[in-house]
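A.B. asks: Please see the structure below; I have some questions.
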Amino acid sequence: MSSLIGVALGDDSSPAFGLGALALPIGRLEVADGETNISTLRAAVETVPGAIDALILTIGSDQRALSEDPVDWERRVRLPLRRAFGVLTGAGRRFRQAGHGVIVVVAPSAAIGPAESSTPELVLLRSIVGMAEALRAELQATPVRVSIVFHDDAGSENLSTRLADVLATGPMYSLSADISPERINAYFKPLLDAIEQTSAGPPLPDIGPMAAVYDLAAAGAPSR
Amino acid sequence: MRIHPIQSGSLGLVTGGASGIGLGIAQALIEAGLQVIVADVRDDHLGEARTRLGSAGDQVHFLRLDVTDRAQWRAARQLVEDRFGALHVLCLNAGVGVLGSMLEASDADWEWITSVNLDGVLAGVETFLPHMVAHGRPGHIVATSSMGGLIVANDGGVYSAAKFGVVALIEGLRRDLQGGSVGATVLCPAAVNTNIYDHERMRPTIFQHPDAVRDEQALEDMETFHKQLLALGRDPVEVGRMVWNGIEADAPYVFTDRNVWPTLVSRRDALLAFA
């Protein structure tokens with residue numbers, strides 16, 4: 001890994017502290033606040049001069065209160081989601097063309113688990129997680145890797161160490177300490193219970209490996 | 001948990017209600033004794049729904065509604081308040097099932113898929129939730145997501161980004177509305193026998209690629225494949241009844257196929273492997 005670029009999204013730049021501690025040359029890509037044109041955002045990433053090995057998109061925590069009335073969905077969800085899409089797919093296109101690269105999304109741990117953050121933040125974070133997982137799936141047949149690194153609000157964890165590890169190995173996830181097995185199970189249990197209460201649908205032909213990206217080997221999961 | 005059951009004679013509104021799962025939901029609400037507004041952007045589907053639901057007489061009403069248009073949402077609320085007084089069940093079902101590469105997706109692709117699948121749901125909540133909370137009578141919001149809102153494939157990134165958001169919206173609303181008069185449920189269907197395969201053909205002009213040349217043969221082949229596959233899927237009316245049962249039970253989630261269990265387990269297990 002020789003060089004990387006960082007892009008910050010959102011009002012809070014707290015996760016950026018993890019980038020500063022990396023012993024790597026880091027360029028910062030400044031994207032105008034109001035820029036939401038996907039082609040422009042992609043071009044901004046694709047035309048960064050020089051060799052780039054990684055792009056890190058950091059998403060800060062939304063510090064607003066749980067209830068905001070009325071909710072500004074445009075500012076809190078639609079615009080940042082669109083910007084994330086432009087930047088991430090710009091990096092995917094650049095690295096696919098180059099034949100190598102790592103894309104890292106650094107997101108608050110509120111994205112995983114039962115609803116705790118405000119609803120607009122939850123919608124934004126989950127949408128970005130779905131986007132990042134799908135980008136990893138789309139690029140799975142290429143040398144490009146996409147990772148999601150979750151950070152907690154306390155900021156006490158060693159984010160820079162985890163980032164360095166992710167940049168080296170490209171696993172699907174790196175979880176902060178607050179995303180415990182209990183928290184993961186607490187989120188999935190009601191979903192799986194609801195599925196178990198459902199009857200089986202009509203049998204369908206095999207249409208291929210849906211959810212293949214979650215295969216533990218493909219995800220780069222640590223061996224136990 | 002919502003505090004009261006939905007009563008017979010309540011008013012429901014179903015977006016994307018004139019075909020597929022939406023029509024199935026509309027039919028199930030009618031069977032349950034609700035007044036139903038079938039809202040849809042497609043005039044041809046509204047015409048077909050009028051014929052299909054004709055026996056419901058005055059119990060069913062039809063409204064042309066483009067869920068991406070805020071002005072039309074405001075007009076829908078005005079219609080409800082002027083003509084019916086109150087809305088009790090809001091089913092935010094309108095969606096487009098367009099897949100394809102994220103890396104090749106155009107601005108227009110993103111705009112269309114997210115405008116309908118996520119913004120259309122947010123707009124419905126913004127428009128009607130304050131009204132539903134204010135009138136204080138039992139109410140319920142159902143949003144249609146997808147199994148693609150919980151797990152991803154390699155050709156549906158824009159779709160999944162929107163559908164993941166819809167699942168999160170309902171989970172957040174359930175927390176926000178806890179103990180009140182309005183409940184919320186998210187529907188995550190797997191294969192259902194709908195017309196989702198022909199959505200590319202209904203793409204509005206404003207969401208067309210400015211320089212795209214459509215490969216008619218490829219489009220036709222894709223439609224034929226999905227039509228044949230979905231013909232094996234669950235009946236939309238059966239799904240509609242599952243949704244009604246979910247509303248009555250104030251269930252957080254409604255699924256349509258038990259066979260999806262292993263795929264969701266694979267995502268849970270992937271996360272657990274890193275914990």
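A.B. asks: Looking at the structure I just gave you, is B:L271 facing another protein chain (nearest Cβ under 7 Å) and closer than 30 Å to B:I30 by Cβ?
C.D. replies: Against the criterion (facing another protein chain (nearest Cβ under 7 Å) and closer than 30 Å to B:I30 by Cβ), B:L271 does not qualify.
A.B. asks: Please list, ordered by first then second residue, the pairs with beta carbon atoms under 7 Å, 6 or more apart or interchain, first in region B:110-126 and in contact (Cβ under 8 Å) with a residue 60 or more places away in the chain, second of a type in the set (K, R) and open to solvent by 10 Å² or more (accessible area, probe 1.4 Å).
C.D. replies: B:W112/B:R203
A.B. asks: Which number in (1) more than 11 Å from the chain's Cα centre (by Cα); (2) at the interface with another protein chain (Cβ under 9 Å from one of its Cβ atoms) marks the one condition that A:A134 misses?
C.D. replies: (1)
A.B. asks: For region A:42-65, state whether one or more residues are part of a helix (DSSP H, G or I), within 10 Å of chain B (Cβ to nearest Cβ), of a type in the set (A, V, I, L, M, F, W, C) and open to solvent by 10 Å² or more (accessible area, probe 1.4 Å).
C.D. replies: no
To keep it simple, each residue is scored yes or no on (1) surrounded by 21 or more Cβ atoms within 10 Å (Cβ to Cβ); (2) within 16 Å of B:G240 (Cα to Cα); (3) small (G, A, S).
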site	(1), (2), (3)
B:P5	no, no, no
B:G16	yes, yes, yes
B:Q35	yes, yes, no
B:R42	no, no, no
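A.B. asks: When both residues are 6+ apart or on different chains and their Cβ atoms are under 6 Å apart, which pairs have a first residue that lies in region B:21-37 and is free of Cβ contacts under 8 Å to residues at least 60 places away in the same chain, and a second that is assigned to a helix (DSSP H, G or I) and surrounded by 24 or more Cβ atoms within 10 Å (Cβ to Cβ)?
C.D. replies: B:V36/B:A26; B:V36/B:L29
A.B. asks: Mind telling me which of the residues B:R241, B:R234 ends up being over 23 Å from A:A212 (Cβ atoms), touching a Gly at 6+ places or on another chain (Cβ under 9 Å) and facing chain A (nearest Cβ under 10 Å)?
C.D. replies: Exactly one of B:R241, B:R234 is over 23 Å from A:A212 (Cβ atoms), touching a Gly at 6+ places or on another chain (Cβ under 9 Å) and facing chain A (nearest Cβ under 10 Å), namely B:R234.
A.B. asks: For residues that are in a loop (DSSP other than H, G, I, E, B), touching a residue at least 12 places away in the same chain (Cβ under 8 Å) and under 30 Å from A:I148 (Cβ atoms), tally how many sit in region B:219-275.
C.D. replies: Total satisfying the criteria: 4.
Here is a yes/no grid of residues against (1) open to solvent by less than 40 Å² (accessible area, probe 1.4 Å); (2) facing another protein chain (nearest Cβ under 7 Å); (3) farther than 17 Å from A:I59 by Cα:
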position: A:P108; (1), (2), (3): yes, no, no
position: A:P120; (1), (2), (3): yes, no, no
position: A:Q140; (1), (2), (3): no, yes, yes
position: A:R145; (1), (2), (3): no, no, yes
position: A:L175; (1), (2), (3): yes, yes, no
position: A:D193; (1), (2), (3): no, no, yes
position: A:P202; (1), (2), (3): no, yes, yes
position: A:A218; (1), (2), (3): yes, no, yes
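The values are calculated or read from the model by the stated rules, or taken from the named source; none is laboratory data. Predicted, not measured: the structure shown is a model, and the values here were computed from it. Every residue, glycine as well, gets a Cβ built from its backbone with ideal geometry; the counts of neighbours run over all protein chains shown. Please note that ligands, DNA and RNA were not included when accessible areas were found on the heavy atoms of the full protein model with its side chains. Shrake-Rupley method; radii C 1.70, N 1.55, O 1.52, S 1.80 Å.
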